[in-house]
Amino acid sequence: MLKLNLPAKAKDPLVVLCLGAHSDDIEIGCGGTLLHLKQTMPQLRFHWVVLSAAGNRGREAAKAADLFTSGCEKQLALKDFRDGFLPYSGGVVKDFFEELKGQVNPDLIFTHWQRDAHQDHRLISELTWNTFRNHLILEYEIPKYDGDIGRPHVFVPLESPLYQRKVDYLLEAFETQRGKPWFAPETFLGLMRIRGMESNSPSGYAEAFYARKLVVQ
């Protein structure tokens, strides 16, 4: 497999934009990779955006962002769009993305997979590509009841204990989700184990992404 590294910037921090429709999406989709970036990149600046994060879910999202970005500069944006109804509020969500474009010029963007079964996730993916047309965008995956797991082609191997730390942070931050049958360590570790097997990760664990467009120079 071809192995690519993100370029290290001499003076300025690497700017990472994390986009999630709901509280816990970012952490489930790319939490291990964010911890890996923190461990390997000299400077990072995060812009952390959750579109549906009202009430307790917003407080959980803020706590999780603190855990996953600890030690790095961070700008947090928590919106209160209605869960499950983002496509029906498309105009105002699009307006928010246009505002966001004027606030950040990221080196790397994490967003939802374009073929995710959840309508909110698909809209965020569409607007990400519509708004940031000349950026490196990686689309993450979210395991769910709908069974929409695909065949991603970009892998980030995760050293021990990063994959376990991701799971620990998820359980620590998202108290309201712990009672759901799918929100369990076995779910998160199982998917990372499969992606680790597919990528021949030394630890056996990895996260995986879709990259629609990637320029190699």
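The values are calculated or read from the model by the stated rules, or taken from the named source; none is laboratory data. Keep in mind that this is a model prediction, so the values were computed, not measured. Note that we place each Cβ from the backbone using ideal geometry, even for glycine, and neighbour counts take in every protein chain shown. Surface areas here come from the heavy atoms of the whole protein model, side chains and all, with no ligands, DNA or RNA. Shrake-Rupley method; radii C 1.70, N 1.55, O 1.52, S 1.80 Å.
In segment 154-184, of all residues being of a type in the set (Phe, Trp, Tyr) and in a helix (DSSP H, G or I), the one that is most open to solvent (accessible area, probe 1.4 Å) corresponds to 169. Within segment 85-95, the set of residues being under 20 Å from residue 24 (Cα atoms) and either at pLDDT below 95 or part of a helix (DSSP H, G or I) (or both) comprises 86, 87, 93. Of all residues in segment 183-194, those that are closer than 13 Å to residue 141 by Cβ have Cβ atoms under 8 Å from Cβ atoms of residues that are surrounded by 15 or more Cβ atoms within 10 Å (Cβ to Cβ) and modelled with pLDDT under 95, 6 or more apart or on another chain, in 191/149. For segment 90-105, filtering for residues that are buried (at least 16 other Cβ atoms within 10 Å of the Cβ) and over 18 Å from the mean Cα position of the chain (by Cα) leaves 2. Of the strands (runs of 3 or more DSSP E) that lie entirely inside segment 1-84, those containing 2 or more residues that are open to solvent by 70 Å² or more (accessible area, probe 1.4 Å) span 73-78. With the structure loaded, tell me whether residue 108 is closer than 23 Å to residue 13 by Cα, in contact with a Pro (Cβ under 6 Å, 6 or more places away or on another chain), in contact (Cβ under 8 Å) with a residue 24 or more places away in the chain and open to solvent by less than 70 Å² (accessible area, probe 1.4 Å) or whether it fails that test. No, not satisfied.
Residues checked against (1) more than 17 Å from the chain's Cα centre (by Cα); (2) within 25 Å of residue 59 (Cβ to Cβ):
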site	(1), (2)
143	no, yes
146	yes, no
152	no, no
174	no, yes
177	yes, yes
186	yes, no
202	yes, no
206	no, no
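Look at residue 146 and say whether it is without any contact (Cβ under 8 Å) to a residue 24 or more places away in the chain, more than 19 Å from residue 48 (Cα to Cα), open to solvent by 10 Å² or more (accessible area, probe 1.4 Å) and of a type in the set (Asp, Glu). Criteria not met by residue 146. Scanning segment 185-210 for residues that are open to solvent by 20 Å² or more (accessible area, probe 1.4 Å) and part of a loop (DSSP other than H, G, I, E, B) gives 200, 202, 203, 205.
When segment 157-173 is filtered for residues that are within 11 Å of residue 185 (Cα to Cα), out of contact with any Lys or Arg (no Cβ under 8 Å at 6 or more places or on another chain) and of a type in the set (A, V, I, L, M, F, W, C), the ones remaining, listed by number, are 167, 170. Would you be able to say whether some residue in segment 98-113 is in a helix (DSSP H, G or I) and within 26 Å of residue 7 (Cα to Cα)? Yes, segment 98-113 contains at least one residue that is in a helix (DSSP H, G or I) and within 26 Å of residue 7 (Cα to Cα).
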